[in-house]
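Only one structure is covered here, and it is reproduced in the block below.
The values are calculated or read from the model by the stated rules, or taken from the named source; none is laboratory data. Quantities reported herein were computed from a predicted structural model and do not represent experimental measurements. Neighbour counts run over all protein chains shown; Cβ positions are idealised from the backbone, glycine included.
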Amino acid sequence: MSKRILIIGGGLAGLAAATALARTGFAITLVEARPRLGGRASSFTDASTGQLIDACQHVSMGCCTNLRHFLESLEIANYLEPQPVLYFMTPDGRVSTWEAARWPAPLHYAGSFARAHFLSWSDKLRVAYGLFALLKEDRTDDPPFLEWLESHGQTASTIERFWGVVLVSALNEDPGRVGLRYARQVFVEGFLSDRRGGLVEVPVVPLARLYGEELQRSLYSYGASVRLETGVKSVNLEAGRARGATLRDGGTIEADAVILAVPFERALALLSANIKALWPASERIGELTASPITSVHLWYDRDVLVASPFDGSRIPSSLPHVVLVGCVGQWVFNRGKTASGEHYIQIVVSAARQFSGLGHEKVEELTTEELTRLFPVIKNARLVRARVVTEKSATFSVRPGVDRLRPPQRTPIPNLVLAGDW
């Protein structure tokens, strides 16, 4: 009889583990507390139209090779649409384009960097020096990245208009809260080491389909069991080995091995006292912290993402997205025309601690007022409706020294392993 593997958590990590193991013949049971798979990469149904809406716009990048290979193995990588050109906009409404040239890495962005209107020439020289220093950096400790930047000649202007723009989007954290190790990984491994590393890819279907329906169908084809709306109370331990889990409704699932693939704050709660006794270091998981993301969903009666280029580049009449520099929001995504004829866009605010304590109406007001200043055509448009969604624990915070708190995937329990971004 095949070994029984219980996977707790139906996010991307749990789905990837379930798919890989199901293919090799294990008997997989995957349980997810929510009614849909995908975890934080989730969708909800818009009550007005019945349309599936992603809670927050997710993107992939060329450097996310494991995700790319995973989706290719399932023959669904075509649901990610490459964005070879990025559009950067400043508060005055000017737009510059950013794209990789044919030059070899790390020079492939040199042309776009030289044309970028949001950096002065003195700023560009400072940033270039900082990037070169990052390429050569080999220290093994993990000091605050902001201190590193300041010690390498970076100014408030370069930090706000370059380093911060990239980091808050890639790591969902501000430069002042990020350690050198992961900041370097973003710039060096993500953008400078390979021409395709910085290529942004946007899903063209709702996340509920990409990471839900498609992956669920694949798991069923391998004979896996997927149980939604099934909350777990605790992982069970017997004779020093994981033996399954107790459910919130009082039921149990027996297993020969358990993969715990839930967010860090939930993982610690699922470990029983006897597991923690065998694994004292697990208590450090409780010292990890999270960073929030807020997304503002807007439906207008017409297309509003219309702008003019600053640097002489040709841009489409309707922008597919905008990266905002020196603004409240960081990204604006054009999600196109809905079946009911409305034009749907989404504003993403990463590391959105500034909205803590503000009501949804105030967040909507701040972001829509900014959007109107950036795109004057909105003055003649009608906002049909809006919705604000905040994920308070969107990602774990990669603060300095965070790897001291992050556990390895293997635990002292021989048949209990962890999976997840943290």
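Computed quantities for the displayed model
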{"quantity": "Residue among 293, 259 that is over 24 Å from residue 349 (Cβ atoms), in contact (Cβ under 8 Å) with a residue 12 or more places away in the chain and not in a loop (DSSP other than H, G, I, E, B)", "calculated": "259"}
{"quantity": "Single residue of 373, 406, 410, 353 found to be under 18 Å from the mean Cα position of the chain (by Cα), surrounded by fewer than 20 Cβ atoms within 10 Å (Cβ to Cβ) and not hydrophobic (A, V, I, L, M, F, W, C)", "calculated": "353"}
{"quantity": "From the options 322, 306, 328, residue that is of a type outside the set (Ser, Thr, Tyr), closer than 24 Å to residue 206 by Cβ and either surrounded by fewer than 20 Cβ atoms within 10 Å (Cβ to Cβ) or at pLDDT 90 or above (or both)", "calculated": "322"}
{"quantity": "Given (1) among the polar types (S, T, N, Q); (2) out of contact with any Asp or Glu (no Cβ under 7 Å at 6 or more places or on another chain); (3) assigned by TED's automatic domain parsing to the domain that holds residue 137, index of the condition residue 158 fails", "calculated": "(2)"}
{"quantity": "Tally, over segment 25-45, of residues that are modelled with pLDDT of 95 or more and either polar (S, T, N, Q) or assigned to a strand (DSSP E or B) (or both)", "calculated": "5"}
{"quantity": "So residue 42, is it within 18 Å of the chain's Cα centre (by Cα), touching a residue at least 60 places away in the same chain (Cβ under 8 Å) and surrounded by 15 or more Cβ atoms within 10 Å (Cβ to Cβ)", "calculated": "yes"}
{"quantity": "First in segment 400-422 and in a loop (DSSP other than H, G, I, E, B), second anywhere and basic (Lys, Arg), Cβ under 8 Å, 6 or more apart", "calculated": "405/284; 407/284; 413/241; 414/241; 415/241; 422/406"}
{"quantity": "Within segment 11-24, tally of residues that are touching a helix residue (DSSP H, G or I) at 6+ places or on another chain (Cβ under 8 Å) and in a loop (DSSP other than H, G, I, E, B)", "calculated": "0"}
{"quantity": "Residue within segment 127-141 that is of a type in the set (S, T, N, Q), within 27 Å of the chain's Cα centre (by Cα) and closer than 24 Å to residue 328 by Cα present", "calculated": "no"}
{"quantity": "Extreme residue, nearest to the chain's Cα centre (by Cα), among residues of segment 60-109 that are of a type in the set (Val, Ile, Thr) and under 24 Å from residue 131 (Cα atoms)", "calculated": "65"}
